[in-house]
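As structure tokens, the structure follows; a few thoughts come after it.
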Amino acid sequence: MRGGVASRRILNDSNYGKIGISASGASDAYVVAQAGDVYSVGVSASKINSAGFLETNGQEIAAYMKVFQGDGGDFSAGTALDTVRGELDENRIEIGAIELDLTDSGMGDKLPNYGPDKMSHLTIPTLTADIPSSKADGKVPLVIASLRLKTEQDSGVIDGQPNASMWLHNGIANPYFTAGIDDDQKEEEKTHQYELTWEPMTSWGSIPLVEIDSDNRGYGGTGVTSGSGVNFAPFLQIPLAPATSLAQFAHAPLNTGGQAPLTSQIVGNSFSSPLIPLDKKSNAGTLGEHLDHSYMANNTLFDSYFLSTAAEETGALYGASGRSLSDVLSQFFDGSQGLSNLNLEPATSIAPVVTAADYDTFAQYIYSRGAFNVNSTSVEAWALFLASGTTESLPMLNMEAPSATLASATASSDSAVSRFSPLIGDEEAATSDGQNRWEGHRRLTPDQIMTLAENVVAEVKARGPFQSVAEFVNRQLVSTAATGNSGALQTAIENSALNTNFGKDAPKNNAELIGGTETGNTSDGAATQITQADLLNRLAPSLTVRGDTFRIRAYGEVTSITGGRTVQAWCEAVVQRQHDFVDETDVPTTIDPSSTTNQAFGRRFKIVSFRWLSADEV
């Protein structure tokens, strides 16, 4: 079918030959109709001899959609086509395209056959000439074909096959993807972001069209109808303030090239891709190498970079209390006001001359107070660390009516967990359904935090000791699902049952994708489904696998030769590794010191405190 609504020539054969209904019988390619005759057709999917689109190198495709940025211009009805094209070219920028091709067998699965009994019927009116296209009773609907972004509930509605978790693996924010074209990607359909479906239409009064609400908004996210879908489904956030945690880069569009896998929420998360075996971080694909984006990004960022939060403070979140970068720096070093990360403190009382160009050397001027060692196996210590989120009211953005004026979320005795800053709504329970679960944030009770802490410790014991923070954040490259599916925090979240599934079962890893097992869910990674990256939003700036401050105790004794009396003494020193090298000829930012002394001894240690101990303190 070539699309559109037609009455005179409703269908083409595979070579574009005319197949239609004519009252005059002017062509052998028409069925001669008599007034009062009733006609119906069946539909089935098949390939046609089409030259195809230029964008697909002349190859035939089942669905093609361009993605543009811009409003398309301003023109009224009746504007000449050339003018319209000119306006579009001037006001829009093409940023991507969606191309889908279906194999001959796949077409039968995705676009099933419908016999004449399932379709609408056309009664031929009394006419002496061909049925005019303007005569309404000479038109009947046949099918509605939909190219749509997959949802949690309605994806696979035709063949009943579930998809990969759409918020994590189907890249709904990725503006470009091709599938099925020769010399292009032919990955498993479950990992595609869009799907092509069709449904029969039996009358104009009961057409399964796209539903809209009173504000002309459609439905998506959880489903495509008013009963199953939502009008708003926040997925990524444009930053309104300087980032404080590497995990906030989960919102960054790091994967927009269209190459599978279509991983989303990359940084800070550690979900295995269904297109890559558990024990690998890359895998050969039909177009190019499949990469585990999360594993590689985490391995690159954590341990090598941090966010100082020394940035200008302007915008809606700060209002009249905003500060320039120079004010932020001067007030930090004179001790009058801290940075956004309050755990950072100056390493010097003399304010250095620092500008935005010095970010890559800024670490030499600060210390991190109270870092947490992820190798801890103390449930109580982990519980306190996990509970360090605020219970106070937080700034909240009205998602449905954005404004420069922010509201305040309700304070709670529980600890806030949110992917978004500011929050996009008040507290919601894990079981909140419909639009509510997209408009809020989650909070964890003390019991939930204790359960989570117990499960984190279990993962630390199973995977540790960790030699780097990236190793703690990432999944293990092993074929065992217990530690290969996701990182320690994510596995602990799942084992603590903090989330509620709303969609359909979906494959969690490559073995499940191939074998047909589904222990994941299409709703995994949705707005109020707590992920590892959500926890790391708050925890990441304080994570470490070792400390730079050490408590050293020493013991000595001496026995009198003449009297035989033994004297004992105990002392304690707290020493801290400094930024400076032992030999200061190498500046603190030196990566490979030239001094042989520094090559042997490295950074200088400073005695922070010293005291003598009594026997009962040992």
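The values are calculated or read from the model by the stated rules, or taken from the named source; none is laboratory data. Values in this document were obtained by computation on a predicted structure and should not be read as measured data. Here the Cβ positions follow ideal geometry from the backbone for every residue, glycine too, while neighbour counts run over all protein chains shown.
See the values below:
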quantity	calculated
Residues within the stretch 301-357 that are in contact (Cβ under 8 Å) with a residue 60 or more places away in the chain, in contact with a strand residue (DSSP E or B) (Cβ under 6 Å, 6 or more places away or on another chain) and surrounded by fewer than 18 Cβ atoms within 10 Å (Cβ to Cβ), tallied	2
Failed item in (1) surrounded by 18 or more Cβ atoms within 10 Å (Cβ to Cβ); (2) more than 30 Å from residue 212 (Cα to Cα); (3) among the hydroxyl-bearing types (Ser, Thr, Tyr), with residue 263 passing the rest	(2)
Among (1) surrounded by fewer than 22 Cβ atoms within 10 Å (Cβ to Cβ); (2) farther than 25 Å from residue 273 by Cα; (3) at pLDDT 95 or above, the one test that residue 453 misses	(1)
Number of the condition not met by residue 361 [criteria: (1) surrounded by fewer than 16 Cβ atoms within 10 Å (Cβ to Cβ); (2) more than 23 Å from residue 536 (Cβ to Cβ); (3) of a type outside the set (Lys, Arg); (4) in contact with a helix residue (DSSP H, G or I) (Cβ under 9 Å, 6 or more places away or on another chain)]	(4)
Residues (farther than 25 Å from residue 174 by Cβ, of a type in the set (Gly, Ala, Ser) and at pLDDT 85 or above) located in the stretch 190-239	214, 226, 227
Yes/no for residue 518 being more than 30 Å from residue 370 (Cβ to Cβ), surrounded by fewer than 16 Cβ atoms within 10 Å (Cβ to Cβ) and touching a residue at least 12 places away in the same chain (Cβ under 8 Å)	no
Of the criteria (1) under 30 Å from residue 347 (Cβ atoms); (2) in the same structural domain as residue 250 (by TED's automatic domain parsing); (3) without any contact (Cβ under 8 Å) to a residue 60 or more places away in the chain, which one residue 540 fails	(3)
Answer from 591, 530 - the residue that is β-branched (Val, Ile, Thr), under 28 Å from residue 294 (Cα atoms) and modelled with pLDDT of 95 or more	530
Residue in the stretch 404-427 that is acidic (Asp, Glu), in contact with a Gly (Cβ under 7 Å, 6 or more places away or on another chain) and buried (at least 16 other Cβ atoms within 10 Å of the Cβ) present	yes
Meets criteria (in a loop (DSSP other than H, G, I, E, B), touching a His at 6+ places or on another chain (Cβ under 9 Å), of a type in the set (A, V, I, L, M) and more than 23 Å from residue 389 (Cα to Cα)) for residue 254	yes
In the stretch 567-598, the residues that are under 44 Å from the mean Cα position of the chain (by Cα) and surrounded by 14 or more Cβ atoms within 10 Å (Cβ to Cβ)	574, 575, 576, 577, 578, 579, 580, 581, 586, 588, 593, 598
Qualifying strands (runs of 3 or more DSSP E) (wholly inside the stretch 534-614; at least 3 residues being closer than 22 Å to residue 303 by Cα and in contact with a Pro (Cβ under 8 Å, 6 or more places away or on another chain))	566-581
Of all residues in the stretch 364-387 being loosely packed, with under 14 Cβ neighbours inside 10 Å and small (Gly, Ala, Ser), the one that is modelled with the lowest pLDDT	370
Search result, residues across the stretch 328-380 that are hydroxyl-bearing (Ser, Thr, Tyr) and not in a loop (DSSP other than H, G, I, E, B)	330, 359, 361, 365, 367, 368
Count of the stretch 389-403 residues which are surrounded by 14 or more Cβ atoms within 10 Å (Cβ to Cβ) and within 16 Å of residue 446 (Cβ to Cβ)	1
Neighbours by Cβ (under 6 Å, 6+ apart or cross-chain): first from the stretch 598-618, under 17 Å from residue 347 (Cβ atoms); second acidic (Asp, Glu) and modelled with pLDDT under 95	604/580
Total residues in the stretch 306-332, condition under 31 Å from the mean Cα position of the chain (by Cα) and closer than 20 Å to residue 394 by Cα	9
Condition check for residue 214: touching a residue at least 12 places away in the same chain (Cβ under 8 Å), more than 30 Å from residue 312 (Cβ to Cβ), surrounded by fewer than 17 Cβ atoms within 10 Å (Cβ to Cβ) and outside the structural domain of residue 274 (by TED's automatic domain parsing)	no
The stretch 33-48: number of residues that are touching a Ser or Thr at 6+ places or on another chain (Cβ under 6 Å) and at pLDDT 80 or above	1
Checking residue 462 against (1) part of a helix (DSSP H, G or I); (2) under 23 Å from residue 425 (Cα atoms); (3) of a type in the set (Gly, Ala, Ser), the condition it does not meet	(2)
Breaking point among (1) in contact with a Gly (Cβ under 6 Å, 6 or more places away or on another chain); (2) farther than 22 Å from residue 271 by Cα, for residue 476	(2)
Candidates 488, 506, 527, 482 - the one that is in the same structural domain as residue 373 (by TED's automatic domain parsing) and without any contact (Cβ under 8 Å) to a residue 24 or more places away in the chain	482
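Yes/no matrix, rows are residues, columns are (1) assigned to a helix (DSSP H, G or I); (2) touching a strand residue (DSSP E or B) at 6+ places or on another chain (Cβ under 7 Å); (3) modelled with pLDDT of 95 or more; (4) outside the structural domain of residue 528 (by TED's automatic domain parsing):
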site: 244; (1), (2), (3), (4): no, no, no, no
site: 249; (1), (2), (3), (4): yes, no, yes, no
site: 268; (1), (2), (3), (4): no, no, yes, no
site: 286; (1), (2), (3), (4): no, no, no, no
